[in-house]
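Enquirer: My questions will all concern the structure given below.
Any read-out appearing in this document is the output of simple, stated calculations on the displayed coordinates, not a laboratory observation. Given the structure is predicted, the values throughout are model-derived calculations rather than measurements. All Cβ positions, glycine included, derive from the backbone under ideal geometry; neighbour counts span all protein chains shown.
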Amino acid sequence: MTILSGTARLAGITGWPVRHSRSPRLHGFWLERYGIDGAYVPLPIAPADFPAAVRGLMLAGFAGVNVTIPHKVAAFAICDEVDESARRAGAVNTLVFGNGKIIGSNTDGWGFLENLRAHGVDPAAGPALILGAGGAARAVAAVLLSLGVRVTLANRTRARAEALARELPGLTLIDWDQRDHALPGNALLVNTTSLGMAGHSPVEIGLDRGARGLTVADIVYVPLETPLLAAARARQIRAVEGLGMLLYQAVPGFRAWFGVDPAVDEALRRFVAADLLAA
Ligand code: ATR
C-alpha cells in the first residue's frame, strides 16, 4: 500500500462495470516500479452519469482517465479536443485533463501495432485480413489503413461491416463464409471477434491455406493462448497474443498522467498474466 502525498497525481479507469478491468493492476505495477507519488483507481460510472462524472473528475484534480466499455463512444463526444487516433477510431480510450479541457485519444490501434513490432512483426509487411466489425476491429483496421496496408474485413453480420466501411474508406469487405478463401493473399490475420474467448466457441478458419510468413494475431487475451493462436503455433505460424496490446495501449496514458515513459517487459506481462490465470 502506497502512502500518497498531498500533491499525488491521480488517474483511473472509467467503465460500467469496471470490476473485471486489469488496468488498475497494470498501472499499479508501473507506479510501484517507478516509485511514483500517484494512484490509478477503478471508477465504475453508469452511462447516464458519464459526462458529469468525467467533468467532476477533472474538477477534482484528476490528471485523466482511461475509458472502457461501454463509454468509448460517449467519451469521444464529451472531448474538447480529440487527436487523429480518436477520429480514426471514432472512439476514445484515453482522456487527459489539462487547463480545464478534456483531450481524447485512442491508443488501441497504437497498442496493437507496438505489440506486433515487439514480436518482430512489421505491421505493414503485406495485406491484412480482419475478422469482426466491433470497436476493436475499427481501431485495428483504421491504424493499418493509415499505414497504407490493404485491409480486408469479414464479419458474421454483413450490415455491421458495411457500416464500418462507410467510416473507413479503403476497407474491402468479404462475406463471413469467404474468410478461408481470402486468407492466402494476406500477411496478417487478426481476430477481433469474441470467438475464442473463454466460454465462446473458437474461430474457425483454415490456417493451412495461409501464405508463408503469415502472422496470426488475436486481440482476445482470456485465455492467453486462444485456440486460434494454438492452431497457428502448431503449424509453425507466428502467433501474437492479445495481452501485449492491452499492455501497450496503457503506455501513452501513463506517460501523460504520471510523467514517466513506462516499459512493457516480461515482468509486467507475467504480473498481469498471473491475475488472468488466477481468474
Ligand atoms: P468489440 O466492440 O469489443 O470489438 P463487439 O461489438 O461485441 O466487441 O463485437 C464482437 C464481434 O464478434 C462482432 O464482430 C461479432 O459479429 P456480429 O457483428 O455478427 O455480431 C463477432 N462475433 C461474436 N460471436 C460470433 C460468432 N459466433 N460468430 C462470428 N462472429 C461472432
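Enquirer: What's the FRET efficiency of residue 165 with residue 49 using the Cβ-Cβ distance as r and R₀ = 41 Å, to the nearest 0.05? If you can, show how the numbers build up before the last one.
Expert: Details: r = 34 Å, r/R0 = 0.82.
Step by step, r from the Cβ atoms, then E = 0.75.
Enquirer: Looking at the chain, what % of its DSSP beta bridges pair antiparallel, to the nearest 5? Before the final figure, lay out each step's value.
Expert: Details: 8 of 40 bridges.
Within the chain, antiparallel bridges account for around 20 percent of the total.
Enquirer: Shifting gears a bit: For residue 34 and residue 83 in the same chain, what is the full-extension length gain: residue separation times 0.36 nm, less their Cα-Cα distance, in nm? Could the numbers behind the result be given before it?
Expert: Working: separation 49, 0.36 × 49 = 17.64 nm, distance 2.79 nm.
Contour length minus Cα-Cα distance gives 14.8 nm.
Enquirer: On to the next question. What trypsin sites (Lys or Arg not before Pro) in region 183-258 are in a loop by DSSP, with at most 15 other Cβ atoms within 10 Å of the Cβ?
Expert: Values: sites: 209, 212, 233, 235, 238, 255; in loops: 212, 235.
Those satisfying the criteria are 212, 235.
Enquirer: At what distance in angstrom do the alpha carbon centres of region 182-199 and region 28-75 lie from each other?
Expert: 31 Å
Enquirer: Residue 276 to residue 208: extension gain in nm, 0.36 nm per residue of separation minus the Cα-Cα distance? Please list the in-between numbers first.
Expert: Numbers: separation 68, 0.36 × 68 = 24.48 nm, distance 3.01 nm.
In short, 21.5 nm is gained.
Enquirer: Would you calculate a helix-derived [θ] at 222 nm for the chain, using -39,500 (n - 2.57) for each DSSP H run of n ≥ 4 and dividing by the full residue count, to the nearest 500?
Expert: Numbers: 12 runs with 107 residues, N = 279.
The helix-only estimate for the chain comes to -11000 deg cm²/dmol at 222 nm.
Enquirer: Using a Gaussian network for the chain with springs between C-alpha atoms less than 10 Å apart, which of these wobbles most: 215, 172, 94?
Expert: 172
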